[in-house]
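Input: a single structure, listed below in structure tokens.
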Amino acid sequence: MLVSSGLHGVEGFFGSAVQVAVLEGELLKAPLPARSAIVLVHALNPYGFASLRRFDANNVDLNRNFLLAGERFEGCPPDYRSLNNLLNPKQQPRRFDLFPVRALLVILSRGLSRVKQTVAGGQYEFPQGLFFGGKAPSHTSEILRERLPTWVGGAREVLHVDFHTGLGRWADYKLLVVDSMEERRETIVEIFGPDRLDPRHTAEPSERKWYTAYLTHGDLVTWCQEEVFAGRDYIGVVGEFGTLGPIAVLTRLRAENQAHHWTDAENASRKRAKERLKLAFAPDSTTWRSSTVAGGVAIVGQMIEFLRRT
Ligand SMILES: [Zn+2]
């Protein structure tokens, strides 16, 4: 079992909280199923974690950086270029910013799922922009490529959950199944039950805004499946825990990115933007924190139970 977190820097507060809760809680008091082990990897993006941002030291969104052999670090979604000035203003943050209103207008005219795909699908052309996938494999991916096989050892079966926050309903969670993992959906349902799987193919239109509904390029799970654990029986899911709504999250990501690039380190608005970003991904609410950490621990418990049964 592989439990990873913090790929998106600031989301690491939540991921580490779950991992600590697993270590300190009841789950590991009983012996693990025979011939199994659990590997916890936290702070996959230590720079982003330490500096309260989603991206790494090169402004790379690491979950867009794990390209497969033969894929190139280039291109961007067709509409991203036209939204670049809106998403990534090249100036200090302004006191009054109408971005949420302008974002809403763009969504109304183009449709939410198309805008999500455009904005968050991953782009490789604007190095200071949001959701930039990089120009080369990141330091994190190089370390993982080298070390993951050793950490997992000779395991023939690898069950992986990668924890994230900021997508979905407040304090709720879903397990996202990437396209390349669809063929394993039956086993994934067996492990986690049907109710927690991201219903992006079946959800009612009114529900869809809470789910991914966009395809990301260069994600960690697909890369683990195709590159690092090819030849092993690998199942990976993304645990997504909801915080604020999509426009609020995007507004804070944009504000932090703008402040990060266009103000100096001591600037008060920069500190404020980073603090607001942290709270968008680890809300300052005891009920949010306790229920989501319990949800994360439950996911790990379901993985352990599955191994015990099989
Ligand atoms: Zn994330």
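For segment 26-53, taking the residues that are under 19 Å from Ala282 (Cβ atoms) and touching a strand residue (DSSP E or B) at 6+ places or on another chain (Cβ under 7 Å), the one that is farthest from the ligand (Cβ to nearest atom) is identified as Leu40. Consider Ser109 carefully, then state whether it is part of a helix (DSSP H, G or I), of a type in the set (Ser, Thr, Tyr) and away from the ligand (no atom under 16 Å from the Cβ). Criteria met by Ser109. With over 16 Å from the mean Cα position of the chain (by Cα), among the charged types (D, E, K, R), under 18 Å from Tyr234 (Cα atoms) and surrounded by 14 or more Cβ atoms within 10 Å (Cβ to Cβ) as the only criterion, which of Arg196, Arg184 stands out? Just a single option satisfies the conditions, and that option is Arg184. Note on segment 1-20: among residues that are of a type in the set (A, V, I, L, M) and within 16 Å of the ligand (Cβ to nearest atom), the one that is surrounded by the fewest Cβ atoms within 10 Å (Cβ to Cβ) is Ala17. Only residues that are part of a helix (DSSP H, G or I), out of contact with any Lys or Arg (no Cβ under 8 Å at 6 or more places or on another chain), touching a residue at least 60 places away in the same chain (Cβ under 8 Å) and closer than 28 Å to Ala268 by Cβ were counted across segment 56-103, and they come to 2. Among the residues making up segment 84-110, a single one is loosely packed, with under 12 Cβ neighbours inside 10 Å and either among the hydroxyl-bearing types (Ser, Thr, Tyr) or in contact with a Ser or Thr (Cβ under 6 Å, 6 or more places away or on another chain) (or both): Ser109.
Considering segment 1-15 alone, what residues qualify as being outside any strand (DSSP E or B) and within 13 Å of Val161 (Cα to Cα)? Met1, Gly6, Leu7, Gly15 - these are the residues of segment 1-15 that are outside any strand (DSSP E or B) and within 13 Å of Val161 (Cα to Cα). Apart from one condition, Leu23 fits all of (1) within 15 Å of the ligand (Cβ to nearest atom); (2) among the hydrophobic types (A, V, I, L, M, F, W, C); (3) under 29 Å from Glu305 (Cα atoms); the exception is (1).
None of the figures in this text is laboratory data; all of them are computed from the coordinates on show. This is a predicted model, so every value here is computed, not measured. Here Cβ is always computed from backbone atoms with ideal geometry, including for glycine, and neighbour counts include all displayed protein chains.
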